[in-house]
Structures are given as C-alpha cells and as structure tokens.
Amino acid sequence: MKKLFILGVCLIGCVVIGGFILFGVNQQTQTHSDKQQHAKQSGHNKFVSSQTPTLFLHGYAGSANSEKFMVNEAKDKGVTKHIIKAYVSRDGEVQLKGKWTKDAINPIVQIELENNKQGYLDVNANWIKNVLTTLQSKYNIKKFNFVGHSMGNLSFATYMMTYGNDPSLPKLNKQVNIAGTFNGVLNMNEKVNEISVDANGKPSRMNPPYPRLRKIQEIYKGQHIDVLNIYGDLQDGTHSDGRVSNSSSKSLKYLLGNSPQSYRESKYEGPNAQHSQLHENSEVANDIIKFLWER
C-alpha cells in the first residue's frame, strides 16, 4: 500500500510539473509572438516623424536607378510612404513626378539629371538649387537632408560653397556622402596609392577643385549640420573602391574641419564595397536609415 501511495504521488507530481513546463513553453512562445507583433505594430515609432525631405542624387552617368535600392530599403522598413522624382532637363528645368501630401512624413526625392555626364560642377550646383527652389515653391520646405553618390557629392559640395549661405534657400540638416570624389578619381587625376591623408583628412596633394572648396568650412560653421561619410575598400591593396581612393573620400574631413555639428566616417570592405555596389549594399542602406531617421 505504501509503495502504491508513493507511486501515486510521483505520478501526480509528474503531471503537475509537466503542466508547468508545458504552460511555461506556451507562455514563452506567446510572449515572443507578442513582442514580434508589437514590433510590427510600433516599428515606425523608432523613426522620427519629420516633414524634412531627403534628396538622393546619383553620380556621373548615373540615374534614379542608382538610388532605387536605398530608397526602397527606407520604404520597406517603414521610414516613409512618400517618394517622388525630380527630373532635371538639360536646360535645368525641374519636373516633379509624383507628389506627397501636406502632412507627409520623411518624404524622399530622387533626383535624376537628364545630362548625367555634365562635368561642370557649377552647372550641377545650380541644378541642385533649382530642385530645392521647386520643392520650396510647391511644398514650402524649410530644411532638407542630402544623400549623394560619387560625383554627386562633389556637385553638392559646390552647391554648398555657392549657395550654402543664402538665407532664402532651405537649410541643410543632415548629409550622407557615399564614395565621394572630393580629391580626385583613380586613373583620371590620381594614380593608385599616390595620395594619402593624415589623421585630419588633409591630403598629401590637393587636386582641383579641392583647394577652392575649402571655403565650405566657414559655411558649415554654426549651422548644426550632421555628416556621415561612407566609403569602400576592396581590400585588394589599392585602398579604394575600384574607382575612388579612400584618401579622396576621406579628404572631406579636412574640407569641413570642426564645422559640422557631428562628423562620422563609415568604412565598408570587400566585394560589396565596390564603387557601384555601395548603393546596392543593405548594410550601407541600414547605416543611412539609422543616421537620417532613427530616433
């Protein structure tokens, strides 16, 4: 009888313990599911809700397709639903394709230059101004963010040098530079490993128009601009992304000095850090999204 009693107690104990274990597993799974659901429902809350537009500009011989992956990543992650294109004709006329609502959150503008092989930086700078004044007229924008690839960054640096102090124009808020050609392009005006930069980003040789652009340091001063500088290294001994040397991209630091509110460099390595792959790189896109829009 005693043995049967002990056996019964053990069986009851096993059932109770098993129930607790099962309940615990179910509870844990439910909690995890709840967290996932909560993340889906409140994921947009991790991004700022701003009406400041972000302009994307391609590089030499590029198009809106050069910006497409990065823009789609932002859209897919819930940054914005409002994306339009600003098509700039050879005469500098701007046509907006699409529209955003008056209360649009984190709108994006993909700039496409019809003459995408325009080498005159002053002309490109004027076209950027035309895009901004068109957006200003239609949407009354006060500030803007800018994302450029390759020569698009050099064109924008020229814009800032020429128009950055114009009080009638929208003010730059945040700037992302990808593979910037600030001090040259390989096999054009720079050989592989020919130019280096010191800890402050000062290049050992300054190619035109770099010396002229140094005045933008004064323009950025006191304007509370945040800057992210992204560049790629193939890790093949060239210290470049295959098209632009790291020294050319990193020379932006010396151009700006201590004038930005913040300045950060982000280096990517390997095949996906190739010049044209940088704007197709999901890690780069995530870096940009966090910098521009994450709370």
(request) Please work out if G232 is in contact with a helix residue (DSSP H, G or I) (Cβ under 6 Å, 6 or more places away or on another chain), at pLDDT 95 or above, under 22 Å from L57 (Cα atoms) and of a type in the set (G, A, S). (result) yes
(message) Where the second residue is assigned to a strand (DSSP E or B) and the first is of a type in the set (S, T, N, Q) and lies in region 216-237, which pairs have Cβ atoms under 6 Å and are six or more apart or on separate chains?
(response) N229/N177; N229/E265; Q235/E269
(request) State whether the residues of region 253-275 include one that is acidic (D, E), out of contact with any Cys (no Cβ under 7 Å at 6 or more places or on another chain) and under 21 Å from T54 (Cα atoms). (result) yes
(request) Could you tell me which residue of region 264-282 is nearest to T181 (Cα to Cα), considering only residues that are open to solvent by less than 30 Å² (accessible area, probe 1.4 Å) and not in a strand (DSSP E or B)? (result) H275
(request) Output the qualifying pairs, or none if there are none: Cβ atoms under 7 angstrom, residues six or more apart or on different chains, first residue in region 243-263 and under 20 Å from N187 (Cα atoms) and open to solvent by 30 Å² or more (accessible area, probe 1.4 Å), second residue hydrophobic (A, V, I, L, M, F, W, C) and outside any helix (DSSP H, G or I). (result) R243/V185; R243/L186; K250/V197
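So that you can scan it fast, the table gives a plain yes or no per residue for (1) closer than 19 Å to Y60 by Cα; (2) touching a helix residue (DSSP H, G or I) at 6+ places or on another chain (Cβ under 7 Å):
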{"residue": "Y87", "(1), (2)": "yes, no"}
{"residue": "I105", "(1), (2)": "no, no"}
{"residue": "I111", "(1), (2)": "yes, yes"}
{"residue": "Y120", "(1), (2)": "yes, no"}
(request) Enumerate the pairs (first residue in region 191-208 and in a loop (DSSP other than H, G, I, E, B); second residue anywhere and among the basic types (K, R) and open to solvent by less than 80 Å² (accessible area, probe 1.4 Å)) with beta-carbon separation below 7 Å, excluding pairs fewer than 6 apart on the same chain, so at least 6 apart or on different chains. (result) N200/K253; G201/K250; G201/K253
(request) Spot the failing condition for T238; the list is (1) farther than 20 Å from F56 by Cα; (2) modelled with pLDDT of 95 or more; (3) open to solvent by 50 Å² or more (accessible area, probe 1.4 Å), and only one is missed. (result) (3)
(message) Here are the criteria: (1) within 25 Å of T80 (Cβ to Cβ); (2) open to solvent by 30 Å² or more (accessible area, probe 1.4 Å); (3) assigned to a strand (DSSP E or B); (4) of a type outside the set (A, V, I, L, M, F, W, C). Tell me which single one N229 does not satisfy.
(response) (2)
(request) Only residues that are modelled with pLDDT under 95, open to solvent by 30 Å² or more (accessible area, probe 1.4 Å) and farther than 30 Å from E114 by Cβ: list them for region 43-90, please. (result) H44, N45, K46
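The values are calculated or read from the model by the stated rules, or taken from the named source; none is laboratory data. Just so we're clear, the structure is a prediction, and the values are computed from it rather than from any experiment. In this analysis, Cβ positions are derived from the backbone assuming ideal geometry, glycine residues included, and neighbour counts consider all displayed protein chains. What goes into the accessible areas is simple: the full protein's heavy atoms, side chains included, and nothing from ligands, DNA or RNA. Shrake-Rupley method; radii C 1.70, N 1.55, O 1.52, S 1.80 Å.
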